[in-house]
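What follows is a set of notes on a single structure, which appears directly below.
The values are calculated or read from the model by the stated rules, or taken from the named source; none is laboratory data. What you are looking at is a predicted structure, and each value in this text was computed from that prediction instead of being measured. FYI the Cβ positions are ideal-geometry reconstructions off the backbone, even for glycines, and counts take in every protein chain you see.
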Amino acid sequence: MSDVEIKRGLEGVVFTESELSYINGQEGKLYYLGIPIEELAEKSTYEEVAFLLLYRRLPTKKELEEFDQKLKENRAVRVEKIASFANYPKDAHPMAALRTAISELGLFDPKEEDTSYENLLETGISLIAKFPTVVAALKRLREGRLPLEPRNDLSHAGNFYYMLNGKEPSKEQEKLLDVALILHADHGMNASTFTALVIHSTASDLYSSIVGAIGALKGPRHGGANEQVLKMIQGIGDASQVPEWFKEKLEKKERIMGMGHRVYKAYDPRARILKRYAEEVAKAHGRTREYEILVAIEKEAEKYLAPKGIYPNVDFYSGVVYSDLGIPVEFFTPVFAVARIAGWVGHILEYTEKDNRLIRPRAKYSGELDKPYIPIEQRG
Ligand code: ACO
């Protein structure tokens, strides 16, 4: 192994094939099953995109109706579980609460250990349906309110909004949340998806894979960045202060959250779509401060970071959109998880179909060999 090349962070390492999503990092393009993300954001729904990622094709009208019905039937979370969530500490991070809640759902699922393809699909659909219910329940419990039961007369996004805010969304709000969910549904072999696959490849259960994925998504270098973006700009009064703030950040060698990506060396197409919506809602509701600060940061980044291939990623403008939908900052990453569960399950199904080979890389050994064992009394 002496001359082996180490790929720090597994950069550029390809370990499997997938047809779920394709990222063209040089041109800033993203496709789900070959369909440009812009098309899906404009014309599709989260339900349809979830079907696309699980079955790797678009559904017929009848298939979509049946799938939608199945999601609705699976939305409810047993009242004992909700009661258990109520005991979680209110100051714990919502992603830690979500991680625990999903683990609890597994603990009480009698079919948890059934790793057949059929059960993975059934449980996967159930989790896609339940994630919004769990996240909304965690939010309301944290606010000291009773969680709301899901409403089956509303769409996936519409019902999620309703359970979060206690009122039905307008058509625009429903579309906005739906688009945000579509844009976050999958993204190649990202850290949380890879985590899910590593766990799945040991022939462990689906809940363990998803719990692991939630843990990976929580990190500020991955999904946790959306929360950090708004926290980062809290101290900036208005856009005019940005150039100086940015200079200081660069001098201190601090990272600009919501910027940069392992694969994109161009503008993230999801950020482009979210920026448009962020501008719309900020202007419509007279809450432009945060949006204008972000635009000013982007302007500075064009000068100093773009030459290094660092541009806004999906997390840069999503917070402005989420805030407008009544989602508190600490719940931004759980909302990301509500979307990404479809991608996690889709990749697990696809990997299972291939062969579910154990993922087990190696590290180059850099220590010594055949050292003597020194008895503890002689170690000083
Ligand atoms: N701000 C300033 N400089 C940056 C940033 C940033 N956001 N991102 C990368 N860089 C710089 C690094 O300092 C480094 O510079 P150097 O070569 O002079 O030392 C260079 O770019 C390469 O950085 P790496 O960390 O090696 O790149 P990597 O591919 O590992 O990082 C990552 C990708 C983790 C996303 C990084 O860009 C980052 O930390 N961004 C901020 C957090 C963020 O927004 N994460 C969300 C990503 S999208 C998602 O997961 C949903």
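Below is a table of values for the structure above.
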read-out: Some residue of segment 155-167 being charged (D, E, K, R) and either closer than 21 Å to residue 350 by Cβ or touching a residue at least 12 places away in the same chain (Cβ under 8 Å) (or both); value: no
read-out: Verdict on residue 284 being modelled with pLDDT under 95, surrounded by fewer than 18 Cβ atoms within 10 Å (Cβ to Cβ) and either in the same structural domain as residue 135 (by TED's automatic domain parsing) or among the hydrophobic types (A, V, I, L, M, F, W, C) (or both); value: yes
read-out: Residue satisfying condition, being surrounded by fewer than 23 Cβ atoms within 10 Å (Cβ to Cβ) and not in a loop (DSSP other than H, G, I, E, B), within set 199, 214, 182, 236; value: 199
read-out: Residues located in segment 234-249, provided they are at pLDDT below 95 and within 13 Å of the ligand (Cβ to nearest atom); value: none
read-out: Scope segment 309-325; condition surrounded by fewer than 21 Cβ atoms within 10 Å (Cβ to Cβ) and closer than 19 Å to residue 26 by Cα; matching residues; value: 309, 310
read-out: Selected residue (criterion: nearest to the ligand (Cβ to nearest atom)) from residues of segment 207-233 that are more than 17 Å from residue 98 (Cβ to Cβ) and charged (D, E, K, R); value: 221
read-out: Unique match (being more than 11 Å from the ligand (Cβ to nearest atom) and among the polar types (S, T, N, Q)) among 192, 204; value: 204
read-out: Of the criteria (1) at pLDDT 95 or above; (2) part of a loop (DSSP other than H, G, I, E, B); (3) away from the ligand (no atom under 16 Å from the Cβ), which one residue 48 fails; value: (2)
read-out: Restricting segment 250-276 to residues that are more than 19 Å from the chain's Cα centre (by Cα) and either aromatic (Phe, Trp, Tyr) or part of a helix (DSSP H, G or I) (or both), the residue that is nearest to the ligand (Cβ to nearest atom); value: 250
read-out: Candidate set: segment 1-45, residues that are under 19 Å from residue 271 (Cβ atoms) and more than 21 Å from the chain's Cα centre (by Cα); chosen: the one nearest to the ligand (Cβ to nearest atom); value: 26
read-out: Residue list for segment 301-328, restricted to those being more than 11 Å from the ligand (Cβ to nearest atom) and in contact (Cβ under 8 Å) with a residue 40 or more places away in the chain; value: 317, 319, 320, 321, 322, 323, 324, 325, 326, 327, 328
read-out: Leading residue by the ranking (surrounded by the most Cβ atoms within 10 Å (Cβ to Cβ)) among those in segment 349-367 that are charged (D, E, K, R) and under 18 Å from residue 209 (Cα atoms); value: 350
read-out: Residue 370, sole failed condition from (1) closer than 20 Å to residue 212 by Cβ; (2) without any contact (Cβ under 8 Å) to a residue 40 or more places away in the chain; value: (1)
read-out: Some residue of segment 182-190 being among the charged types (D, E, K, R) and not assigned by TED's automatic domain parsing to the domain that holds residue 116; value: no
read-out: Total residues in segment 154-203, condition out of contact with any helix residue (DSSP H, G or I) (no Cβ under 6 Å at 6 or more places or on another chain) and of a type in the set (Asp, Glu); value: 1
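Matching residues to (1) among the charged types (D, E, K, R); (2) in a helix (DSSP H, G or I); (3) buried (at least 24 other Cβ atoms within 10 Å of the Cβ):
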residue: 296; (1), (2), (3): no, yes, no
residue: 300; (1), (2), (3): yes, yes, no
residue: 307; (1), (2), (3): no, yes, no
residue: 347; (1), (2), (3): no, yes, yes
